[in-house]
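S.K.: Handing you this structure, nothing more for now.
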Amino acid sequence: MKTFSMRMRLAFWYSVMLALALSFFGVSAYFAMRRSIHITVDEELHARAQGVRGLIERAFRVDYTENLEDSLREHSDLRTGGELLQVSNAQGHWLYRSEIMSQLDVPRPQNPSAKAYSLRYKDDPLRVLDQVVTAGDRTYLIQVATEMDDYYAALDRIKALLLISIPVFLLCAALGGYWMSRHALDPVDQIIQTARNISVQNLSSRLEVPGTGDELQALSETLNSMLERLETAFKKITQFTADASHELRTPVAVMRTRAELSLRRARSVDDYRETVAQIHSELERTSDLIEKLMFLARTDSGAESIPFARVNLSEIVREVCAQGSALAEGKQVAFHQNLPNHPVWVQGDEDLLRRLFLILIDNAVKYTPANGSVAVSVLEKNGAAIGEIRDTGIGIASADLPNIFERFYRADKARSRETGGTGLGLSIGRWIAEAHAGAIAVESTPEHGSTFQVRLPISRNGS
């Protein structure tokens, strides 16, 4: 099925609506003029009928009925429009009948109407008014009429003018509407052409924004905003792919090198065991990296759903602290916990919240040197549950703070492969906090330590 352009559709509907409007105007104007003519003629007929009525009533008051026919003839000859007059008595006998009314043979109605009506006799259109008058003991029917030829001829001329002018005007308006729609949509063509030329290679290109203050400007700005988001997302994906490739390439290269070295010459069992242990360590790190990459991929696609339930945050953090204490003991780092004895209820997923705090505690222990300390606390404040992890480690430079939650970002040389980190933990931690309608913040001073704070909304009354 062929589809028409927006210009054609706009011009078509503009023409249809204009045609309906002009047709309504033309029909309304024609019938309004016709009604106005009838009202004017009817008023004149009523005035003439009243004049004849007055003549008859005066004749009876002065007892001049014998010469009533002469009086009517004289009245008809002297008054404008009097040539269309006829008067009959109750028996249907003509008391007076003008020559024209006699020629037209206008009949006497059986049931006279109180309103004027239109008739056509011998192709002559008439407007007739019947009026019954009672004088003394006699009843007469007065019929006055007006020829409508001139009036209807004028209406026909107006009708012809409307039938000719409306199509001509509609054609001109349709052409003008098409021209205007084409001119108005030219910027849309420019937007389409520019958008077609934008590809992966030039995502930084932007549409020209017309300073018109209308929908086209809003459309251009919206598309530019979308392109900016796409460019940012594409850069992140590209960087993420490059970083992931680098992170995966390094352990694979290490494992390959160690395997090749062990195969170059015969070695002792202990040497082989040491090589296998090193390869196993790299495999564990690589597996952890792949698992984290898959988790982030699921969160990006929206496939990671969270089964929310009412959980006790203080109990979850207490379980994580048991693991954190073992990690700290292995590094000779003092570990302190300050957890409330009463439940701190939040809406969330136990496994994800446990993972969030384990990431933060593991980082705190990992980057705190021996004889340092790590402190974990949970408290309620202003309707929020706050989990805080404070350490006396190497700290984070202020220039690095805005980026530490980015994927694969490492603040300094200390945050290297030697620590066993992948640069993905804090990214995962931030996603977990935000997925629970919470937030994660950090304060840090180099060489003095860092404080990570997780804020989650309190769940009350089972909600």
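S.K.: Using a 1.4 angstrom probe on heavy atoms only, work out the carbon and sulfur share of the accessible area of the chain in %.
M.R.: 56
S.K.: Label ALA397 and GLU434 with points 7 Å out from Cα along Cα→Cβ: what is the distance between them in nm?
M.R.: 2.6
S.K.: Here's something else I'd like to know. For the residue pair ARG120 and PHE12, what label-to-label distance in nm results when each label sits 7 Å from Cα along the Cα-to-beta-carbon direction?
M.R.: 4.0
S.K.: With r as the distance between the Cβ atoms of THR212 and ALA322 and R0 = 56 Å, compute the FRET efficiency 1/(1 + (r/R0)^6) and round to 0.05.
M.R.: According to the calculation, E is roughly 0.30.
S.K.: OK, next. What dipole magnitude, in Debye to the nearest 20, does segment 245-339 give about its Cα centre under +1 on Lys/Arg Cβ and -1 on Asp/Glu Cβ?
M.R.: That gives segment 245-339 a dipole magnitude of about 280 debye.
S.K.: A further question on this structure: Calculated FRET efficiency, LEU95 and ALA29, Cβ-Cβ r, R0 35 Å, to nearest 0.05?
M.R.: Values: r = 43 Å, r/R0 = 1.22.
With R0 = 35 Å, the Cβ-Cβ based efficiency is 0.25.
S.K.: Before rounding to the nearest 500, sum -39500 (n - 2.57) across all DSSP H runs of length at least 4 in the chain and divide by the residue total; then give [θ] at 222 nm in deg cm²/dmol.
M.R.: One gets -19500 deg cm²/dmol as the mean residue ellipticity at 222 nm.
S.K.: Dipole magnitude of the chain about its Cα centre, charges +1 at Lys/Arg Cβ and -1 at Asp/Glu Cβ only, in debye to the nearest 20?
M.R.: Details: 52 positive and 58 negative charges, 309 e Å.
Rounded to the nearest 20 debye, it is 1480 debye.
S.K.: Related question: Give the peptides 398-408, 41-51, 363-373, 106-116 in descending order of average Cβ contacts within 10 Å, highest first. Can you show the working numbers first?
M.R.: On the way: 398-408: 14.5, 41-51: 16.8, 363-373: 18.5, 106-116: 11.7.
In descending order of packing, they fall as 363-373, 41-51, 398-408, 106-116.
S.K.: With r defined as the distance between the Cβ atoms of SER205 and HIS448 and R0 fixed at 51 Å, what FRET efficiency is calculated, to the nearest 0.05?
M.R.: Computed FRET efficiency for SER205 and HIS448 comes out at 0.65.
S.K.: Under a crude label model (7 Å from the Cα following the beta-carbon direction), how far is ILE306 from ASP105 in nanometres?
M.R.: 10.0
S.K.: Which is farthest toward the positive dipole end of segment 141-218 among SER165, TYR178, LEU203, measuring Cα position about the Cα centre, with Cβ charges +1 (Lys, Arg) and -1 (Asp, Glu)?
M.R.: LEU203
S.K.: Among GLY213, THR232, SER23, pick out the residue whose Cα is farthest towards the positive end of the charge dipole of the chain, where Lys and Arg carry +1 and Asp and Glu carry -1 on C-beta, about the Cα centre.
M.R.: After comparing all options, I get THR232.
S.K.: Length gain on complete extension for the stretch ARG267 to VAL132, per 0.36 nm per residue less the alpha carbon to alpha carbon distance?
M.R.: That pair, ARG267 and VAL132, stretches by 34.6 nm at full extension.
S.K.: Something else about it: Here are several values of Cα Rg over 2.2 N^0.38 Å: (1) 1.13; (2) 0.90; (3) 2.23. Which one was derived from the coordinates shown?
M.R.: Answer label, from the structure shown: (3).
S.K.: Could you compute the net charge surrounding ASP156? Neighbours are other residues with a C-beta less than 14 Å from the C-beta of ASP156; K and R count +1, D and E count -1.
M.R.: +1
S.K.: Oh, and also: Taking a probe of 1.4 angstrom, what is the accessible area of HIS280 in Å², to the nearest 10?
M.R.: Ignoring ligands and nucleic acids, HIS280 comes out at about 100 Å².
S.K.: Provide the net charge surrounding HIS448, with neighbours chosen by a C-beta distance below 13 Å and charges set as Lys +1, Arg +1, Asp -1, Glu -1.
M.R.: -2
S.K.: Roughly how far apart, in whole Å, are the Cα centres of segment 327-380 and segment 215-286?
M.R.: Centre-to-centre (Cα) distance: 29 Å.
S.K.: Measuring with a 1.4 Å probe in the full set of protein chains, what accessible area per residue, in whole Å², belongs to the chain?
M.R.: Per-residue accessible area for the chain comes out at 60 Å².
The values are calculated or read from the model by the stated rules, or taken from the named source; none is laboratory data. Note that the structure is predicted; figures quoted are calculated from it, not measured. Reconstructed Cβ throughout: ideal geometry from the backbone, glycine too, with neighbour counts over all protein chains shown. Surface accessibility is based on the protein's heavy atoms, side chains included, excluding ligands, DNA and RNA. Shrake-Rupley method; radii C 1.70, N 1.55, O 1.52, S 1.80 Å.
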